[in-house]
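Novice: Quick one: this structure, given as structure tokens, is what I'll be asking you about.
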Amino acid sequence: MLKMVYDCSVESTALSHASKCVYQHSSSAARPGLGENIYMTSAVNFDKVKAATQASELWWDELKQYGVGPSNNLTTALWNRPNTQIGHYSQVTLHI
């Protein structure tokens, strides 16, 4: 299992993009070698823990809805399946 470490430069890149308040992925050139998930709520004074929980559940729901097959391997064919995107799920699981 990979050991997770905190990276201040990754935080800085994410904060820079988030401060633009644009709900879209940043360019891959702005985050070389890094994946990205985005989540937004329009609720006022939304609890931060609840927001994090909800975002994680939505990302994992891609797996529940579309699946990855019994081998549980992320392949090019799986990644490119039409109308069954699992990109957000894969960003969460590939880095855990």
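Novice: Considering only residues that are part of a loop (DSSP other than H, G, I, E, B) and surrounded by 10 or more Cβ atoms within 10 Å (Cβ to Cβ), which ones fall in segment 2-26?
Specialist: Asp7, Val22, His25, Ser26 - these are the residues of segment 2-26 that are part of a loop (DSSP other than H, G, I, E, B) and surrounded by 10 or more Cβ atoms within 10 Å (Cβ to Cβ).
Novice: Here is a further query. Do you know which residues across segment 80-96 are surrounded by fewer than 13 Cβ atoms within 10 Å (Cβ to Cβ) and either of a type in the set (Asp, Glu) or at pLDDT below 80 (or both)?
Specialist: Leu94, His95, Ile96
Novice: Could you please find all residues in segment 34-58 being under 15 Å from Gly87 (Cα atoms) and exposed (fewer than 13 other Cβ atoms within 10 Å of the Cβ)?
Specialist: Of everything in segment 34-58, just one residue is under 15 Å from Gly87 (Cα atoms) and exposed (fewer than 13 other Cβ atoms within 10 Å of the Cβ), namely Glu57.
Novice: Across segment 35-49, what is the number of residues that are in a loop (DSSP other than H, G, I, E, B) and within 20 Å of Trp60 (Cβ to Cβ)?
Specialist: So the count comes out to 9.
Novice: Exactly one condition in (1) assigned by TED's automatic domain parsing to the domain that holds Gly87; (2) farther than 19 Å from Ile86 by Cα; (3) of a type outside the set (Phe, Trp, Tyr) is not met by Cys21; state its number.
Specialist: All conditions pass for Cys21, except number (1).
The values are calculated or read from the model by the stated rules, or taken from the named source; none is laboratory data. Computed from a predicted model, the values in this text were never measured in an experiment. Reconstructed Cβ throughout: ideal geometry from the backbone, glycine too, with neighbour counts over all protein chains shown.
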